[in-house]
Amino acid sequence: MVDRNDRVPMMTGRTRRSTIGPTPAGGNSKQANGSKQSSAGEKTPSHPSHSNGKVKKEKQVHEPVRTPQERSKICERLSCHVLQESLLSSASGYSNYRGILNWCVVMLVLSNARLFLENLLKYGILVDPVQVVSLFLKDPYSWPAPCLATVLTMVLIPAALQGTISETTGTFLYLVNLTTLLCFPSATVLTLTSMTPAGGVFALGVYTILFMKLYSYKDVNMWCREIRHTKARTLTRSHSCPSVAQSNGSAVHSHVSYPGNLTHRDIYYFVFAPTLCYELNFPRSPRIRKSFLLRRLFEMLFFIQLLIGLVQQWIVPTIQNSMKPFQDMDFSRMMERMLKLAVPNHLIWLIFFYWFFHSSMNFVAELMQFGDREFYRDWWNSETVTYFWSNWNIPVHKWCLRHFYKPIMRRGVNKWVAQTAVFLVSAFFHEYLVSVPLKMFRLWAFMGMMSQIPLAWFVGRFLRGNHGNAAVWISLIIGQPVAVLMYVHDYYVIHYMSQS
């Protein structure tokens, strides 16, 4: 039997009220049942009388312990302000403006839709695909395809014979080829009165591309000969355009070294490849992806029709209405015409960029299994003018860097002088491709390109980040319509005002 003194005395209601402080509800129920004390072997005092010190001490011991979540809820009820910057302040570090970008796109689409609807209501439907096709059928000499093919064959045969002729003869033939590519097209375009300006631009563009390709072909083979003089090379068959074997459904390419690349097949592959820089062993894709090829073909056909339609419907009427303000020298109306032309001109330029540098060049590259598809970089993020010109047209940039800029730098020329020389050559070709087809010598394109030098210095020196990117976009949107209006005005004055 258990001794009476060892028993735990029963807690009266008065004792519970005096000893139980502000403890959690769970604790009260456990103490009332007597289960917690019995299990712990603790004795509850039977006398309700306690000193004030002991009561305060027990109250401090039994204060509730709150979790971090409970404390945060209490803080939220007591305070609602923290130290922080506004989102649009630069000090906030906020950078997610995707919604604002979407808003800008929506506003741009709505604005262009309003302008296009206004154009339709004012002029009606001016799109005429038959008019474009008639340029090919009306006068074959306005698109000199036979002459182009003949000259192409004439200049490529001597180039491919470089390995079988002497150094002096090869140099002479190359000089003749390059001179022919620059002089013969210009003379043809200037003497054929029936040739349209569009046909002249096309012909001169093809000849200029061929000139740059043959110049690269000459340089690379010259470098190979210089290396060959110091180190013997194994003569192998050219595989820049090889007749490849098949292994498990993919092409197998062999390495080629100079002078095994000097074949007609090799040079014709390079002429039609989407690049301006020659090399003996081009990177090749393993196979032709038919679905990719068909998508690019569809884009080419769709966007070329869209470009022609936008020019006929939007550009031509705007330019025709711009002649009178230029004749009257009404500067306010001239500015209004220029800004009205800026939006459709820039939209057409963007569509042309996608059509040429993405759809067309990827189509040709896929068809020829050309592996290097870097035809452009992220020029739309350009924060400087020099970054834009280095990234929007990669084939031309690589050619200028490889065959013009670096050779000048190796001669000890200053970097700034070399960059100015590159812009000077680019300005010459821009003017050459515009003035000769229009049969009038103006310097608007030349001055537009040369003005990029001080603009590049100003943007690089004083503008950075978003401000520099905005300056690049403004120069693209405003600069092109100014040059277009200058040439159209001069062409109109020479060919129409003089006749009247």
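Values computed for the structure shown
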{"quantity": "Given (1) in contact (Cβ under 8 Å) with a residue 40 or more places away in the chain; (2) basic (Lys, Arg); (3) assigned to a helix (DSSP H, G or I); (4) surrounded by fewer than 15 Cβ atoms within 10 Å (Cβ to Cβ), index of the condition ARG287 fails", "calculated": "(3)"}
{"quantity": "Helices (runs of 4 or more DSSP H) completely within region 374-415 that count 2 or more residues being surrounded by fewer than 16 Cβ atoms within 10 Å (Cβ to Cβ)", "calculated": "406-410"}
{"quantity": "Test for VAL385: is it touching a Leu at 6+ places or on another chain (Cβ under 8 Å) and farther than 20 Å from LEU301 by Cβ", "calculated": "yes"}
{"quantity": "Out of GLU336, GLU366, sole residue that is acidic (Asp, Glu), open to solvent by 40 Å² or more (accessible area, probe 1.4 Å) and at negative phi", "calculated": "GLU336"}
{"quantity": "LEU350, sole failed condition from (1) of a type outside the set (Lys, Arg); (2) in contact (Cβ under 8 Å) with a residue 40 or more places away in the chain; (3) within 30 Å of ALA273 (Cα to Cα)", "calculated": "(2)"}
{"quantity": "Some residue of region 358-369 being within 18 Å of MET449 (Cα to Cα) and not in a helix (DSSP H, G or I)", "calculated": "no"}
{"quantity": "Yes/no for ILE304 being open to solvent by 40 Å² or more (accessible area, probe 1.4 Å), of a type in the set (Val, Ile, Thr) and over 30 Å from ARG461 (Cβ atoms)", "calculated": "yes"}
{"quantity": "Filtered residues of region 66-97 (kept if at pLDDT 80 or above, among the polar types (S, T, N, Q) and closer than 30 Å to GLY465 by Cα)", "calculated": "GLN84, SER86, SER89, SER92, SER95, ASN96"}
{"quantity": "Test set (1) in contact with a Leu (Cβ under 8 Å, 6 or more places away or on another chain); (2) open to solvent by less than 60 Å² (accessible area, probe 1.4 Å); (3) of a type outside the set (Val, Ile, Thr); (4) closer than 21 Å to LEU214 by Cβ - GLU431 fails condition number", "calculated": "(4)"}
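The values are calculated or read from the model by the stated rules, or taken from the named source; none is laboratory data. For clarity, every value in this text was computed on a predicted model and none was experimentally measured. All Cβ positions, even for glycine, are placed from backbone atoms using ideal geometry, and neighbour counts span all protein chains on display. The protein model used for the area step is the full one, side chains on, heavy atoms only, and it has no ligands, DNA or RNA in it. Shrake-Rupley method; radii C 1.70, N 1.55, O 1.52, S 1.80 Å.
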